[in-house]
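The values are calculated or read from the model by the stated rules, or taken from the named source; none is laboratory data. Since we're looking at a predicted model, the values are computed, not measured. Cβ coordinates were reconstructed from backbone atoms using ideal geometry, including for glycine residues, and neighbour counts include every protein chain displayed. For accessibility, only protein heavy atoms count, side chains too; no ligands or nucleic acids. Shrake-Rupley method; radii C 1.70, N 1.55, O 1.52, S 1.80 Å.
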Amino acid sequence: MGRPDLTRRNLLAAAGGLAVAGSFGFAAAGSGAAELASSAATRVRYWNLFSGGDGSNMIAMLDAFRKANPGIDVKDSTLQWGNPFYTKLAMAAAGNRAPELGVMHMGRVAGFSPGRLLDPWDIDLLAKYGVRKEDFSPALWNRGVIGGKVYALPLDIHVQLCFYRKDVLKKADLLGDDGRMIPVTSTTEWFDVLKKAKQVQKKGLQTIGFWANDQNFQWWFFVAFYSQLGGTWFNDARTEVTFDPDKATQVLDFLRQHVTDGYTIPGAPTGEQFLNGAPFTWEGNWSVPVFSGAKLAYGAAPLPPVFGTQATHAESHAFVLPHQSGRGGDTNEAAHQLAAYIVKNAQQWAAGGHIPAYTPTLSTPEYQKLAPQNEYASAMDHQGVEPKVWFAGSTGVLAQDLGPVVVSSTMGSAKPDAVARQMKDRLTKLLASKNPMDGSTAAQGGAGA
């Protein structure tokens, strides 16, 4: 497959159109100039977007790899999350200055012009270092398969969770004998749980941290509950919008009720309120280190299956091979070896709240002792994900376009049924639009089946 004329200008526009988080400019950290004189036989440049606790965990994993493989010199650079990262990665791949290894959100892979800006993984090399397709959730593995080739090696899934305080739920008789929140299987049961919790909670706090006016969280929650209803987005050929406004309206009504019934305070600091005694908060699993560090007696479950079928919003960090015209040889093999090592040794990564993608890790005694991680590991089996199209993925065009209209329904400035119809209209326009990375539409293969 030939590569298009990817100029600096259209790459900036493309990457910018696919993400809005962060600001332009980037900060690289990791290897210093003095380290470039390493005597190791093979050097692997590795770009990632992990900061904070994730960054510390990744560094620990890289140091363990270096100790075990002194012949490989890993030069890691941490770039600013969001727009700057994807812009720099795209420009480096187009200009043949790409690193040997990179990280992307799985949902962004289809839009990153696989075969042009990304190179496929060598399945035999991965198997040589102990990583096989059979070691992953089939649904997760297949998200990285584009045109029959594997372009993304999953590291984890990160999910939206229902965090709950055990002290409050115990007072409300909402804890089971196992010390976990009682099961909820309908919207009626869920609002009954909120009602009971509100009766015993501290005054002046919201019952649930809900991010009512945040377009990203509201979009993630919509995807989860629309998935619970079995909602679809497009047909297999990506030529027709199959989005169901009736199901969407059910979800939007459900989200809206949290505000109208007074269970959430729009704009309230969700994490802070939870720490201060709010019974519930819906947050990403990245909040686990924060809440655990506060020594709370809390639990974290997948989002409640209020529409009868389990599904919780999930994304995934995945390793990718940015395009290199001369990819191959020892450096390429070392990139495969490094990625395989980190994927297989993800216990450290799980401490940050992420669910390791490498399923053998989930059955180890070490992982099963992690709390509350052991409570929501089942989310691996019921991931609610965005459709596999070029405009989807973490903070991508789809979230930018539809997130604000979901918020307008949740906050009451627009009616749920009108918003549902508006969402279908926007999906129709997006399906016909061209991927700025390569000029294709989803129907022309921009989705990468």
Okay, helices (runs of 4 or more DSSP H) sitting entirely in the range 115-207 with 1 or more residues that are closer than 19 Å to Asp261 by Cα, open to solvent by 10 Å² or more (accessible area, probe 1.4 Å) and out of contact with any Lys or Arg (no Cβ under 7 Å at 6 or more places or on another chain), I get 187-200
Residues in the range 229-270 that are open to solvent by less than 20 Å² (accessible area, probe 1.4 Å) and part of a helix (DSSP H, G or I) total 7
For the range 287-297, indicate whether the set of residues that are over 30 Å from Val44 (Cβ atoms), among the charged types (D, E, K, R) and either at pLDDT 95 or above or open to solvent by less than 50 Å² (accessible area, probe 1.4 Å) (or both) is non-empty.
-> no
Contact list, first residue from the range 424-443 and closer than 26 Å to Ala248 by Cβ, second anywhere and among the aromatic types (Phe, Trp, Tyr), beta-carbon distance below 6 Å, six or more apart or interchain, is Lys424/Phe243; Leu427/Phe243; Leu430/Phe391; Asn435/Trp390
When restricted to Pro387, Pro436, the only residue modelled with pLDDT under 95, crowded, with 20+ Cβ neighbours inside 10 Å and not in a helix (DSSP H, G or I) is Pro436
Among residues of the range 326-358 being among the hydroxyl-bearing types (Ser, Thr, Tyr) and closer than 18 Å to Trp47 by Cα, the residue surrounded by the fewest Cβ atoms within 10 Å (Cβ to Cβ) is Thr331
Just one listed residue, out of Met91, Met104, is out of contact with any Ser or Thr (no Cβ under 7 Å at 6 or more places or on another chain), open to solvent by 10 Å² or more (accessible area, probe 1.4 Å) and not in a loop (DSSP other than H, G, I, E, B), and it is Met91
Return yes when Gln422 is out of contact with any strand residue (DSSP E or B) (no Cβ under 7 Å at 6 or more places or on another chain), under 22 Å from Arg238 (Cβ atoms), open to solvent by 60 Å² or more (accessible area, probe 1.4 Å) and not in a loop (DSSP other than H, G, I, E, B) and no when it is not. yes
